[in-house]
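Take a look at the structure set out below.
The values are calculated or read from the model by the stated rules, or taken from the named source; none is laboratory data. These numbers come from a predicted model, not from an experiment. Methodologically, a virtual Cβ is constructed for each residue, glycine included, from the backbone with ideal geometry; neighbour enumeration extends over all protein chains shown. To get the accessible areas, we keep the full protein, side chains included, count just its heavy atoms, and leave off ligands, DNA and RNA. Shrake-Rupley method; radii C 1.70, N 1.55, O 1.52, S 1.80 Å.
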Amino acid sequence: MIEAIDAARSAAEARIAAASTVDELRALDTELLGKKSALADVKAGLGKLATVEEKKSAGQAVNEAMTAVRSALDARIAVVARAERDVQLAAEALDLTEHFVAPGRGRPHIVTQAWQRLEDVFVGLGFQVAEGPEVETDWYNFEALNMPPSHPARSMHDTFYVDHGATGSTVLRTHTSPVQIRVMQTVKPPIYMIMPGRVFRNETTDATHLAVFHQIEGLVIDKGITLADLAGTIDAFTKAFFGEGFGSRLRPSYFPFTEPSAEFDIRTPDGSWLELGGCGMVHPNVLRAGGLDPEEWSGFAFGFGIDRMAKERHGVGDVREMYTNDIRFIEQF
Ligand code: FA5
């Protein structure tokens with residue numbers, strides 16, 4: 001009897017060792033330990049043994065054999081299941097590096113680059129930087145700049161009005177010139193200041209016009225400032241910003257807040273002229289609006305478009321392209 005039990009146990013252990021899949025091993029569970037297994041047969045035959053002693057020792061042996069087969073089976077299932085899982089994981093693994101495109105390094109927008117370079121150049125020439133609000137009162141945007149309510153020059157600025165306070169009293173600033181007044185009111189002269197910022201005009205956009213664009217304003221107030229200082233500053237700026245091969249000129253023009261007024265152009269190395277902005281000697285009425293005595297102080301101001309400047313510098317055909325956020329365009333600068 002004992003030999004039969006040992007033989008059944010050895011055969012069972014050999015089957016377990018030979019099985020190579022979890023499915024095979026689960027099938028062996030019934031075959032080796034179920035009601036129709038060899039060991040179960042032995043157990044069923046115990047009753048036929050002659051003595052109690054024999055029954056006892058054979059019963060013990062068969063139970064031990066069943067426990068041993070059970071643990072051999074469980075241990076083997078654990079090993080095979082892990083191996084199967086490893087194979088499955090390896091097969092299912094996705095090589096994500098294949099789809100990973102390293103993000104390109106960002107950089108400032110072309111207009112921000114121009115803005116920053118303008119600040120650098122003017123700071124190098126001894127100017128300080130100031131900013132003012134984008135939502136302005138009619139007084140700062142027009143009246144203090146020598147444009148009373150019915151002044152015809154107001155029609156040069158197509159204005160966006162803000163629904164705030166008395167009708168027509170609040171605007172989105174149409175230029176950076178109102179910051180001149182705010183600076184005069186708060187900074188004791190001498191003043192050597194630039195004022196970059198965003199401005200708004202209710203205009204139809206085209207290749208050179210935007211409804212939201214950027215200007216940089218310059219203001220110098222000191223004793224004995226003349227038109228020659230204005231021309232010299234514009235020329236020094238032109239050479240510092242564009243390079244030694246460039247030059248500048250002033251052409252008579254009209255702005256209500258400067259007298260005399262001029263447009264300034266820059267001469268490129270190939271001899272062509274590029275219109276850049278407006279300038280002039282600060283009008284006495286504007287000095288007074290800023291709280292300064294025109295008998296004591298004089299000065300000049302200038303203002304030009306940053307977007308158009310970036311457009312010319314990089315040979316962009318249409319200013320609107322700079323705001324489409326097309327990555328193929330942006331990546332070029
Ligand atoms: C002015 O805005 C004056 N405040 C400039 C000034 C300041 C004159 C101080 C005298 C003293 P103007 O409207 O010409 O002027 O605009 C100045 C510059 O802004 C233009 O030369 C141009 O470069 C830019 N600009 C004007 N309109 C637009 C627009 N719609 N889109 C893009 N740039 C514009």
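Structure data summary
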read-out	value
Solvent-accessible area per residue for segment 1-86 (1.4 angstrom probe, square angstrom)	63 Å²
Descending principal axes extents, segment 106-188, alpha-carbon based, whole Å	42, 36, 23
Accessible area of the chain belonging to carbon and sulfur atoms, whole % at 1.4 Å probe	54 percent
Net dipole in debye of segment 2-91 [+1 Lys, Arg Cβ; -1 Asp, Glu Cβ; about Cα centre; nearest 20]	240 debye
Relative contact order %, segment 110-330, counting alpha carbon pairs below 8 Å whose residues are six or more apart	21 percent
Inverse of mean 1/r across different Cα pairs in segment 81-128, Kirkwood, Å	15.9 Å
Quarter of the Cα convex hull surface for the chain, i.e. its orientation-mean projected area (nm²)	34.2 nm²
Reachable lysines, given that their alpha-carbon falls under 29 Å from the alpha-carbon of Lys188 and they are not under 8 places away in the same chain	Lys223
Dipole moment magnitude, nearest 20 debye, segment 187-297 about Cα centre, only Lys, Arg, Asp, Glu C-beta charged	160 debye
Residue among Ala40, Ala68, Ile2 farthest towards the positive dipole end of segment 2-91, charges placed on Cβ	Ala40
Candidate lysines for bridging to Lys55, where Cα separation is under 21 Å - those fewer than 8 sequence places away on the same chain excluded	Lys35, Lys36, Lys43
Formal net charge of residues neighbouring Pro252 (Cβ-Cβ distance under 15 Å; K, R +1; D, E -1)	-2
Accessible area (Å², per residue) of segment 191-313, counting only protein heavy atoms and a probe of 1.4 Å	41 Å²
Label-to-label distance, nm, for residues given as Val187 and Ala44 (7 Å Cα→Cβ offset)	10.7 nm
Antiparallel %, DSSP beta bridges [both residues in the chain], to 5	95 percent
Relative intensity, log₁₀ I(q)/I(0), of segment 150-263 from a Debye sum that treats every alpha carbon as a point, q = 0.15, 0.19 Å⁻¹	-0.88, -1.30
Local electrostatic count, Ser71, Cβ distance below 13 Å [Lys/Arg +1, Asp/Glu -1]	-1
